[in-house]
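Take a look at the structure set out below.
The values are calculated or read from the model by the stated rules, or taken from the named source; none is laboratory data. Just so we're clear, the structure is a prediction, and the values are computed from it rather than from any experiment. Here the Cβ positions follow ideal geometry from the backbone for every residue, glycine too, while neighbour counts run over all protein chains shown.
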Amino acid sequence: MRGLVPRSLKITVETTALTGETVTTEYARGLARLIHHEIDHLLSGAAALARSV
């Protein structure tokens with residue numbers, strides 16, 4: 001399956017470290033699009049299908 005998926009050029013991601021500490025990271029431009037793409041894989045294929053143009 002192929003399709004255009006709109007993605008933000010800047011995202012903020014909150015994760016939890018092994019210590020339990022919350023870590024917030026901001027990504028911009030190409031890296032933001034890449035991270036967003038990988039998060040879609042983790043959440044489910046349905047999320048990507050719903051946003052396809």
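Candidates are the residues of the range 26-46 that are in contact with a helix residue (DSSP H, G or I) (Cβ under 9 Å, 6 or more places away or on another chain) and part of a strand (DSSP E or B); the one that is surrounded by the fewest Cβ atoms within 10 Å (Cβ to Cβ) is E26.
Condition first: surrounded by 10 or more Cβ atoms within 10 Å (Cβ to Cβ) and either in a helix (DSSP H, G or I) or of a type outside the set (S, T, N, Q) (or both). Now tell me which residues in the range 11-25 satisfy that. Across the range 11-25, the qualifying residues are I11, V13, V23.
A single entry from T25, T19 fulfils the requirement of being of a type in the set (S, T, N, Q), in contact with a strand residue (DSSP E or B) (Cβ under 8 Å, 6 or more places away or on another chain) and modelled with pLDDT of 95 or more: T25.
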